[in-house]
Amino acid sequence: MLLAVIVHPASVQDRDGAEPLLRQARRLFPFVERIIGDTGYQGPKMAAAVARAGRWEIEIVRRCDKHKFVVPPRRWIVERTIGWISRNRRLAHDFKRLCRIAAAFVRMAMIRNMLRRLAAKPSS
């Protein structure tokens, strides 16, 4: 389930754009205790943003350094969600001029996904 979304220009690094997202998530979902991120969200800037936005435990999921393919635990959750969002035609091409429009399309894609899952007939 998507809790919050903010789309920023490609010139903004994810960890630099994380603070507004963290503030939004804290306001909407104060009961969330843990944030899971990849290695792009580590470092002192991210730690300071987390401290300013709220008191969370942050878990950084690192890739395996072995030479064989291993799916790191929890990392697939983000990749799966991006895959679900990317199935929507409007998000296949990112030509929107305003970030808030792109964020609205991400929300609509996740709403569509949730509705499809809720309306699915249970398998017997």
Amide H proximity to ILE35 below 5 Å, modelled H, separation 5+ or other chain, gives GLU57, ILE58, GLU59
Karplus-derived HN-Hα couplings along the stretch 38-44 (A = 6.51, B = -1.76, C = 1.60, θ = phi - 60°), whole Hz, x at Gly and Pro: 8, 5, x, 9, 9, x, x
Highest first, please rank the peptides 80-86, 35-41, 10-16 by the mean number of other Cβ atoms sitting within 10 Å of their residues. 35-41, 80-86, 10-16
Give the separation of the Cα centroids, the stretch 96-111 to the stretch 1-37, in Å. 15 Å
What does the charge count around VAL32 come to, taking other residues whose C-beta lies under 13 Å from its C-beta (Lys +1, Arg +1, Asp -1, Glu -1)? +2
Per residue of the stretch 7-16, in order, report the coupling 6.51 cos²θ - 1.76 cosθ + 1.60 (Karplus, θ = phi - 60°) as ³J(HN,Hα) in whole Hz, putting x for Gly and Pro. 9, 10, x, 5, 6, 9, 5, 4, 5, 6
Hey, can you grab everything whose amide H is under 5 Å from the amide H of VAL7? Only 5+ residues off in sequence or another chain; H modelled, so Pro and N-termini drop out. ALA103
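Values quoted throughout were computed directly from the atomic coordinates according to the rules given, and no laboratory measurement underlies them. All figures in this text were calculated on a predicted structure; none of them were measured in a lab. Glycine also receives a Cβ, built like all others from the backbone with ideal geometry; neighbour counts cover every protein chain displayed.
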